[in-house]
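The values are calculated or read from the model by the stated rules, or taken from the named source; none is laboratory data. All figures in this text were calculated on a predicted structure; none of them were measured in a lab. Cβ sites come from the backbone with ideal geometry, for glycine too, and all protein chains shown count toward neighbours.
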Amino acid sequence: MEHSNQSGNSQAEEKVEQQLSGMGQEKKDEILSSFDTFKSYLGEKVSKGESLGMNEEQLAKTAQKVADYLAAHEEPRNREEKLLQELWKSGNEEQQHMLAHMLVKMVH
């Protein structure tokens, strides 16, 4: 049972990566233009994940995937995003995972 859950997580992570990389620059700019807009977008995605039956751990792993993508591919658009990027880059994987949990809690 756990193996199928892990493969489900891999599929979810792949879907997140595809969705983010396939998103147009205009849409990314809109989402990242202000921290409140970013939080609102993330909150909508967390709610959607919950409605699909994802638990907090799965939501945090997905948020971690989003944060990895943003740190690697997007420049921060405001002070809050810059702070998150600095925290993300300075943490190890375990610390990043805990920050992802905190982001999920913050927007929920």
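Could we say that Leu20 is surrounded by fewer than 18 Cβ atoms within 10 Å (Cβ to Cβ), modelled with pLDDT of 90 or more and not basic (Lys, Arg) here?
no
Consider Glu50 against the criteria (1) surrounded by fewer than 14 Cβ atoms within 10 Å (Cβ to Cβ); (2) more than 12 Å from the chain's Cα centre (by Cα); (3) charged (D, E, K, R): it satisfies all of them except one. Which criterion is unmet?
The one condition Glu50 does not meet is (1).
Can you report the number of residues in the range 53-108 which are within 15 Å of Val16 (Cβ to Cβ) and not in a helix (DSSP H, G or I)?
Selection size over the range 53-108: 2.
Check whether at least one residue in the range 24-42 is surrounded by 11 or more Cβ atoms within 10 Å (Cβ to Cβ), modelled with pLDDT under 75 and assigned to a helix (DSSP H, G or I), and report yes or no.
no
Please work out which residue is farthest from Asp29 (Cα to Cα), limiting yourself to the range 54-85 and to residues that are of a type in the set (Gly, Ala, Ser) and at pLDDT below 95.
Ala63
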